[in-house]
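What follows draws every value from the coordinates through simple rules; no lab data is involved. Predicted model, so just to flag it, every value in this text is computed and none were measured. Positions of Cβ are generated from backbone atoms using ideal geometry, with glycine treated the same way; all protein chains shown enter the neighbour counts.
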Amino acid sequence: MFIVLKLKQWVTEPVESMALQAPRALAVSVLALAADFGIYALCLLVGMPALLAALIGYLAGGVLQYVLCSLWVFSTSLKNDALGFVAFSVLSLVGLGITEIVILIVHDCLGIHPYPAKFAAVGLAFTWNFLSRKYLLFRASRA
């Protein structure tokens, strides 16, 4: 019974261990990326420029990611949700900058299709987003 309860806790409750946070953050990022990329593709379908489509998709994925990170990935919840969302968004702007620069270079300058350009930005943006959230936003208070 103890093992089942511990397993349930590891799967459902926020945790402090990076060994458990990193795969959760990856799962959350995959969901956010699906929302981001789906909106990006839809915006491209209706004729929107790639950079604007990337901005809209990234912001929508960011909102989803904030909610899931706050509820499931990081054990340290923010005391002020509005302030926490603003801080999360400011940190995400660097990830958005990474995304925009990669798309600008890969798609606009090199002429490569916008989908591979978007995927080229994912790894760098994920790394920045996870580490900035772990160490700057959702860090545990030190006694």
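Between residue 120 and residue 139, the simple label model (points 7 Å from Cα in the Cβ direction) yields a spacing of 3.3 nm.
Scoring 24-33, 56-65 by mean Cβ neighbours within 10 Å over their residues and listing the highest first yields 56-65, 24-33. Residues in the range 31-45 carry Karplus couplings, in order, of 5, 5, 5, 4, 5, 4, 5, x, 5, 4, 5, 4, 5, 5, 4 Hz; the curve used is 6.51 cos²θ - 1.76 cosθ + 1.60 with θ = phi - 60°, and Gly or Pro positions show x.
Legend: Rg and Dmax of the range 22-137, from Cα coordinates, 14.1, 45 Å.
Once the Cα-Cα distance is subtracted from the 0.36 nm per residue extended length, the residue 112 to residue 56 segment shows a gain of 18.1 nm.
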